[in-house]
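For reference, the structure is listed below as structure tokens.
Values in this text are rule-based calculations from the coordinates and carry no lab data. The structure presented is a predicted model; accordingly, all values stated were derived computationally and were not measured. We place every Cβ from the backbone using ideal geometry, glycine too, and count neighbours over all the protein chains shown.
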Amino acid sequence: MMFRISLLLLTVGVANAADYVNLPGGRFASVLPADATGADVDVAPFAMRSEPVTNAEFLAFVQSHPQWQRGRVASVFAEPRYLMHWQSAQKLGSDVLPDQPVTQVSWFAAQAFCESEGARLPLWNEWEFAAAADATRADARNDPLWREQILAWYAQPAGKTLATVGGPANFYGMRDLHGLVWEWVDDFNALLVASDSRDQNDPDRLKFCGAGALNLRDRDNYAVLMRVAMLSSLKAADTTNSTGFRCARAATPSSQGQLP
Amino acid sequence: MNIRRSALQALFTLIVALPAWMPAAFAGEAAALPDDSVYHLDMHLVDQEGRPFHLADRRGRPQLVSMFYSPCPYVCPLIIDTLRMTQRALPASDSSKLDIVMVSLDPERDTPARLKQVFGERKLDPATWTLARTEAPNVRKLAAILGIQYRVLKDGGINHSTSLLLLDANGRIVAQSGKTGELDADLVAAIERTLAAD
């Protein structure tokens, strides 16, 4: 990836990586409107891992689910580069840190990991909702300074060693949503399906079925739009060295996380 | 005597063991699934008659696959037209060897009863056509493995790409067409090649 992200942030108060944090959801102005009228989306309450899944966690997963080990997984679920940065199928090796976010995992593998702990990948709107927050505000997206800060992270040159998880918590207690890795979402292949399919005079344009064209909103929010474009460019078996994931599930009263 | 008894025992063993042994050997499916087969997906579906089947049950015959949702007012009826057009473009001896499967993107509304209604309205041929639904989490996986994009809108509509995918007898995607409302000659040629190869 061109935009390898590096983390400049302090590793403070690292939560247990498998902590799920409750998020309230609600009406939300997504960069992708909910329909052709440009409506806001309604995000149901949900819980999400506070940090991306790490190499150590993914190693434990492939050890208990050998069908997801590199070399054993069917190519239809993961391309040949899957986990190739690890020393071997069941060993990270000295160049790969246990606390780094796992990368080079396919959407299918990420989904399988989440299912193994009774969860799923977050929906794009859930991820976007959580990532709209800064340290003190639920939605900081209109703050030009905040946008610039995120864009600066994205502009870090590729090839830098990936930092470990555990950046500062945002308003919801989520960490590393920006500045560390790209993250798979459940509906990664749904984001740019937006074309008016009713122009029957031009068969090549009959690609999409359903309501009319959806336009991207909030075109100035480049950081988020870059994610949309990047995710849309991937196929489910693809892996990249800067794409990881975290899991989500329905909000539960027993979740560790408390809203501030 | 001993020899005869042994022979009888052997015969007996053969007869008793045969039923257990035959399906596996016959199935030829004992052969490993190719690495790039979509039939690695462990997925249960239900057809328009409410009959359950497993995705991998489709192994053995080429399949032309698409995804749709029946309440779709515009392009989805055209997908059926296009599939039918494609089937009719094949030589008569070939068209019966190709199965056509459409899986719903909207499992909530596309109940088996609803699929059966569409099946009847569109006068689809049960010998080769299947309209199917699967549980919601499977829909995204099937779309992902087929490279079909879809997005559920707030008003219940679904924007989706209209790819037709040709699977060979082992579930490998061997051709893809994005054309709707007209015949794709390349797809027809690919179907004929695939049928000839089997």
**Request:** Return the long-range amide H neighbours of A:Gly244 (sequence gap of 5 or more, or a different chain), with a cut-off of under 5 Å between placed amide H atoms.
**Result:** A:Trp182, A:Glu183, A:Trp184
**Message:** Relative contact order of segment B:33-107, please, whole-number percent, based on alpha carbon pairs below 8 angstrom and at least 6 residues apart.
**Reply:** 32 percent
**Request:** Kindly state, to the nearest 0.05, the FRET efficiency for B:Arg193 paired with A:Glu148, given R0 = 45 Å and r defined as their beta-carbon distance.
**Result:** 0.25
**Asked** Long-range amide H contacts for B:Ser37: which residues qualify at under 5 Å (H placed 1.01 Å from N, peptide plane, sequence gap of 5 or more or a different chain)?
**Response** A:Val76
**Theoretical FRET efficiency, 1/(1+(r/R0)^6), r = Cβ-Cβ of B:Asp125 and B:Asp42, R0 22 Å, to 0.05** = 0.15
**Complete:** With x for Gly and Pro, the residue-by-residue ³J(HN,Hα) of segment B:123-132, computed from phi through the Karplus equation 6.51 cos²θ - 1.76 cosθ + 1.60 at θ = phi - 60° and given in whole Hz, is 6, 7, 8, x, 5, 10, 9, 9, 9, 9
**Prompt:** Counting only other chains, what is the mean number of Cβ atoms within 10 angstrom of the Cβ of each residue in peptide B:158-168?
**Reply:** 4
**Request:** Take the Cα coordinates of segment B:29-104, assign each an equal point scatterer, and use the Debye formula without solvent to give log10 I(q)/I(0) at q = 0.17, 0.19, 0.23, 0.27 Å⁻¹.
**Result:** -0.83, -0.99, -1.20, -1.28
**Prompt:** Using the beta-carbon distance between A:Asp40 and A:Gln156 and R0 = 41 Å, what value does 1/(1 + (r/R0)^6) give for FRET efficiency, to the nearest 0.05?
**Reply:** 0.80
**Asked** What do you get when you divide the Cα radius of gyration of segment A:52-145 by 2.2 N^0.38 Å, with N the number of residues?
**Response** 1.29
**Message:** Neighbour counts of other C-beta atoms within 10 Å: give me B:Cys72, A:Cys247 arranged from fewest to most.
**Reply:** B:Cys72, A:Cys247
**Item:** Karplus-derived 3J(HN,Hα), 6.51/-1.76/1.60, for each residue of segment A:229-245, Hz, glycine and proline x
**Value:** 5, 5, 4, 5, 7, 8, 9, 5, 8, 5, 9, 9, 7, 10, 10, x, 6
**Prompt:** Ranked from highest to lowest mean number of other Cβ atoms within 10 Å per residue, what is the order of the peptides B:158-166, A:113-121?
**Reply:** B:158-166, A:113-121
**Prompt:** After finding the eigenvalues of the alpha carbon gyration tensor for segment A:18-252, what semi-axes result from the square roots of 5 times each, listed largest first in whole Å?
**Reply:** 29, 23, 17
